[in-house]
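Only the coordinates and a few stated rules stand behind these numbers; no lab work does. Owing to the predicted nature of the structure, the values given are computational and were not obtained by experimental measurement. As a convention, Cβ positions derive from the backbone with ideal geometry for all residues, glycine included, and neighbour counts pool all protein chains shown.
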Amino acid sequence: MYQSILSELKLLKQSPKNYLFSFTYPTNKTISIQPYDPKAAVVAEKFIKEIKKKCPTLSVEFLGSAAMKIAGIKDIDLFATAPAADFEKYLPFLTSLFGPYCKRRGSFIEWNVEKKGFHIELSLIDPNVIAYQEAVKLYNLLQKNKALRTQYEKLKLSRHGTSIRNYHVKRMAFFNRVLGL
């Protein structure tokens, strides 16, 4: 119990905003970690090509577990980057492709949809947002370092069946360690 409290306090100190946000995740619902599905890359590539066809100046990246070809929650994480001032010019097309967005803030717009058997999260985000930069940095570190990527996959698999909040807190601790926080 004491160690658990210490690790929670450490997370609060390292990443206060992310730690506090972790309380929005349910503790009464469990996470389901699935083996890597190669169809994820095919589906992601189709969406990226479709976006690029209509919005050629928009940079679109496929990040996350499926992009790393490791076990995950059967989701596809796509990041489309543009200055926040340009969001309005991309919004009509992205809404026609993904439906209404679920969250909008000054520096990002987010869609969460089920398509082609996958949960797809698309974020239209300003590339200067620190959270986006950290996500790219983390992805690149894991992609380049097989040992870290394997540790991450083992962590994810070990969280199968635990609460969604527990899963996110353990991931956060791992990410903080990898990023040297």
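Give the angle, between 0 and 90 degrees and rounded to the nearest 10, that separates the Cα long axis of helix 39-54 from the longest principal axis of the Cα atoms of the chain.
Helix 39-54 sits roughly 40 degrees off the main axis of the chain.
Along each of its three principal axes, how wide is the spread of alpha-carbon positions in the stretch 32-127, in whole angstrom units, largest first?
39, 25, 22
Regarding the stretch 33-88, what is the average projected area of its C-alpha convex hull, in nm²?
4.1
Distance check, please: which entries in Lys29/Lys156; Lys116/Lys144; Lys10/Lys170; Lys52/Lys74 exceed 18 angstrom between their Cα atoms?
Lys116/Lys144; Lys52/Lys74
Along Cα→Cβ, 7 Å out, is where each label goes; now give me the distance between the ones at Leu97 and Ser4 in nm to one decimal.
4.3
By counting other Cβ atoms within 10 Å of each Cβ, how are Arg104, Arg159 ranked from fewest to most?
Exposure proxy ranking, most exposed first: Arg104, Arg159.
Suppose R0 equals 30 Å; then what is the FRET efficiency for Arg177 and Glu45 from their Cβ-Cβ distance, rounded to the nearest 0.05?
With R0 = 30 Å, the Cβ-Cβ based efficiency is 0.45.
Grab every C-alpha pair in the chain, bin the distances at 5 angstrom width from 0 up to the longest one, and report whole percents.
Result, from short to long distances: 1, 7, 15, 19, 21, 17, 11, 6, 2, 1, 0 percent.
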